[in-house]
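Working notes, beginning with the structure itself.
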């Protein structure tokens, strides 16, 4: 039995370090060009080299996204970009466009190539085609069922990668033109403005300017919304289907999301690896994921074609807890330096959340600034010193119940 790799998003260096700390086996990231998350922090050339060195020192693989669909005018810049990144020892490059794949092969012929979800591999025949082109790993489209994944594994020897958690696009694996048409931002070049999340009204053609509300409830109706993907209940099935890598979506998401999702899936995979026969789903995993900002969860197409239950008619994100800070430094005597991310007041009841599903409640009766001056409250980007009566680690998250 082979336990799949846990593949996490790394939108910037901080997120990369957090993903690795919480148990990712590999991370995927983008440079300043030709990825599909141009609005993420992304990495400069120097940062890419630093990121790969940091990850490799800890036994973690790094995959670079080059999965946009360039225009002809972009090709000279694509060549320069791939030549600049060629000396960096990425474990693989992620691509979708055949021309980009050919360019990678010409410039770095020995570099493994992983096929992006943007290639829309929805059948085993498509997967076999890409295998015959020398692709090392294929990200199967989110539209494939578990049975289709199993059949693909039987017929294809290339590595198979499946998204297991994160946002879902209304279109086939992100091949959407709404953003380009409605806002001039090309989703296939990493600039999606997410018009599927907007609120819409009805206009009758002979009455321009008269907007009739389309109402599902007091919040309106958001007819393009999808729930978020969550396959935490189906780890045994995915392992049994022969999936090689479980991928978490979210290079645009914050460190709280990255850490929390990775720690849950890490724990589930480790428990299954330790005792497959005795493995049982732990409801705490889903409880932890429910504490994150999300749009409701669905299994997508994994168990068959989804019905309207998988459409999300409430555009508001749901969350039960608020991320307020992260431990950035350990001090002698049981104190820690906390980087504040959201306002926090003295007397607040919080949870310190760490690796291996640890969570410790603690009341912040008092805290100080770096000079030791007591504070009544702290705000984003401040550093505060907190005394804790339990072991803490760097990168522990601090959260409070959402009011």
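Taking the criterion of being touching a residue at least 24 places away in the same chain (Cβ under 8 Å), part of a helix (DSSP H, G or I) and closer than 22 Å to residue 79 by Cβ, would at least one residue in segment 146-157 satisfy it? No, segment 146-157 has no match at all.
Within segment 127-141, the set of residues being closer than 25 Å to residue 27 by Cβ, in contact with a helix residue (DSSP H, G or I) (Cβ under 9 Å, 6 or more places away or on another chain) and assigned to a helix (DSSP H, G or I) comprises 127, 130.
Each row is one residue, and each column tells you yes or no for (1) modelled with pLDDT under 95; (2) not in a loop (DSSP other than H, G, I, E, B).
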residue	(1), (2)
273	no, yes
278	no, no
287	yes, yes
292	yes, no
303	yes, no
309	yes, yes
326	no, yes
330	no, yes
337	no, yes
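Considering the conditions (1) outside the structural domain of residue 256 (by TED's automatic domain parsing); (2) within 21 Å of the chain's Cα centre (by Cα); (3) surrounded by fewer than 20 Cβ atoms within 10 Å (Cβ to Cβ), residue 167 is excluded by exactly one of them, (1).
Residues of segment 234-241 include none that is touching a strand residue (DSSP E or B) at 6+ places or on another chain (Cβ under 6 Å), part of a loop (DSSP other than H, G, I, E, B) and closer than 18 Å to residue 143 by Cα.
Pick from 377, 393: which is surrounded by fewer than 18 Cβ atoms within 10 Å (Cβ to Cβ), within 30 Å of residue 268 (Cβ to Cβ) and not assigned by TED's automatic domain parsing to the domain that holds residue 293? Spell out the reasoning first.
Working: 377 fails: within 30 Å of residue 268 (Cβ to Cβ).
Matching residue, one of 377, 393: 393.
Of all residue pairs spaced 6 or more apart or on separate chains, those with beta-carbon atoms under 9 Å, a first member in segment 194-207 that is more than 17 Å from residue 183 (Cα to Cα) and a second member that is in a loop (DSSP other than H, G, I, E, B) are 201/211; 201/214; 202/211; 202/214; 203/209; 203/210; 203/211; 204/210.
With respect to residue 362, determine if the residue is closer than 30 Å to residue 227 by Cα and either surrounded by fewer than 16 Cβ atoms within 10 Å (Cβ to Cβ) or outside the structural domain of residue 285 (by TED's automatic domain parsing) (or both). When the stated conditions are applied, residue 362 does not pass them.
Can you confirm whether segment 372-379 contains a residue that is assigned to a strand (DSSP E or B), over 15 Å from residue 332 (Cα atoms) and under 30 Å from the mean Cα position of the chain (by Cα)? Before the answer, list the steps.
So in segment 372-379, the residues assigned to a strand (DSSP E or B) come out as 374, 377-378.
Now narrow it down to the ones that are over 15 Å from residue 332 (Cα atoms): 374, 377-378.
If we keep only those that are under 30 Å from the mean Cα position of the chain (by Cα) as well, we get 378.
Yes.
Among the numbered conditions (1) in contact with a strand residue (DSSP E or B) (Cβ under 8 Å, 6 or more places away or on another chain); (2) at pLDDT below 95, the only one that residue 378 does not meet is (2).
The values are calculated or read from the model by the stated rules, or taken from the named source; none is laboratory data. Quick caveat, the model's predicted, so the values are computed rather than measured. Reconstructed Cβ throughout: ideal geometry from the backbone, glycine too, with neighbour counts over all protein chains shown.
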